[in-house]
Amino acid sequence: MLNDLRNRPLPLALLAFIVGTLFGWWILGWVLFPVVYKDADPHGLSQSYQEQYIASVADSYAVNQDATLARQRLQSFSSDELSSLISKMKADAQRDRKDQQAVSLQRLADGLNVKLLASGTLAPAGTVAPGATAAPPTAASNNSPLGLILGLLGLVLIIAGAAGILYFLLSRRQGAETTVAIPTRARESVSQAQPVVREQPGILPPTVPVAEAEPGERGEAPLGHFVTTYKVGDDGYDTSFSIETPSGEFLGECGVGISDVVGEGPQKVTAFEVWLFDKNEIKTVTKVLMSDYAYNNDQIRRKLAARGDAVLAQKGGAIELETEALRVLATIADMAYGSGGSQQSFFSKLTVELAPTVKVRVPA
């Protein structure tokens, strides 16, 4: 399953997005770095803290008799809210025989011109006075053990569900790599292709075209035909082509680019890189197409040896790049050397045809 995910970037990106979002939301936002309220307005506190704040203002007013300061400290409360809160606090103080506190509250109400409610009309504890808004939950309530347990349980269930959906989608697509729909014209064109003679040892022999393969054997199906041309002065020359199945599934890329230059002044290209990228193997196979001068120059050969096998460029010549699933036949359709400098040292023109094929197993 991990290999399937690695070869299919869209499901992997979707899974990473889901896991990252849930981790950031639940683990970071609720457990490791929960919201902490600081410098909150008194009106945003819970009722018990509102009452403590009003009691402090009442004690201060009893000392300094500064109604303007008291009104400023309680400006976030409306007159109805102050009436309800102070009336309830006074009734509680009288019930608990806290006469001094009851007197301070009454004096504060008088100083603010707040009309207190009769004891029979007081709202029950925990309710909000008319016109008032409920205080938001505090950080402590968000971090209760039950809330954390439920949050973690929900996280596990969501991740498990996402994994199950991905597994179902991947299982439905299993076997797609070994079955490729080949159009009739493609089969006919492949049947006319000539086998390529390999010059490099140690590589498996080429498979036969799909039209000639027996049931159960491996064959090749064409995936396009690309032509690219370099002309002297195109210093940024670097072309690439996507390799896709007839149904649009991306398999890799192939292309040609500048590998080395000689001389001074304008670029004089003496070698090109022909490459093949296979997305299933996540690697690039490269061969270096060299001018006659570069091919016979030991210093240049050593410098470019790490980039790939050296191949002498010849008009009509062909080189082959191969991975486990793909093969590209690169044919030099046309070429010309530039004048000036060493003889046959740089290209003035190079046209390369790229013919990619995919290896498939013919159903028995």
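The values are calculated or read from the model by the stated rules, or taken from the named source; none is laboratory data. On a predicted model such as this, the values are computed, not experimentally measured, just so you know. Don't worry about glycine lacking a Cβ; one is built from the backbone with ideal geometry, like all the others, and counts go over all protein chains shown. Just so you know, the surface numbers come from the protein's heavy atoms only, side chains and all, with ligands and any DNA or RNA stripped out. Shrake-Rupley method; radii C 1.70, N 1.55, O 1.52, S 1.80 Å.
Of note:
Residue-by-condition table, conditions (1) in contact (Cβ under 8 Å) with a residue 40 or more places away in the chain; (2) closer than 21 Å to residue 232 by Cα:
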residue	(1), (2)
298	no, no
305	no, no
314	no, yes
337	yes, yes
349	yes, yes
357	yes, no
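- When residues of the stretch 282-315 are limited to those that are acidic (Asp, Glu) and open to solvent by 60 Å² or more (accessible area, probe 1.4 Å), the one farthest from the chain's Cα centre (by Cα): 298
A quick yes/no check of all residues on (1) in contact with a Pro (Cβ under 8 Å, 6 or more places away or on another chain); (2) open to solvent by less than 90 Å² (accessible area, probe 1.4 Å); (3) modelled with pLDDT of 70 or more:
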{"position": "1", "(1), (2), (3)": "no, no, no"}
{"position": "5", "(1), (2), (3)": "yes, yes, no"}
{"position": "65", "(1), (2), (3)": "no, no, yes"}
{"position": "78", "(1), (2), (3)": "no, yes, yes"}
{"position": "81", "(1), (2), (3)": "no, yes, yes"}
{"position": "90", "(1), (2), (3)": "no, yes, yes"}
{"position": "95", "(1), (2), (3)": "no, no, yes"}
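- Qualifying residue in the stretch 263-271 (condition: within 22 Å of residue 243 (Cα to Cα), among the hydroxyl-bearing types (Ser, Thr, Tyr) and in contact (Cβ under 8 Å) with a residue 24 or more places away in the chain): no
- Residue 15 in a helix (DSSP H, G or I), surrounded by 15 or more Cβ atoms within 10 Å (Cβ to Cβ) and either at pLDDT below 75 or on the phi > 0 side of the Ramachandran plot (or both): yes
- In this structure, residue 107 does satisfy being assigned to a helix (DSSP H, G or I), of a type outside the set (Gly, Ala, Ser) and either open to solvent by 20 Å² or more (accessible area, probe 1.4 Å) or touching a strand residue (DSSP E or B) at 6+ places or on another chain (Cβ under 8 Å) (or both).
- When we screen 326, 321 for residues that are in contact with an Asp or Glu (Cβ under 8 Å, 6 or more places away or on another chain) and either farther than 22 Å from residue 229 by Cβ or surrounded by 15 or more Cβ atoms within 10 Å (Cβ to Cβ) (or both), the only hit is 326.
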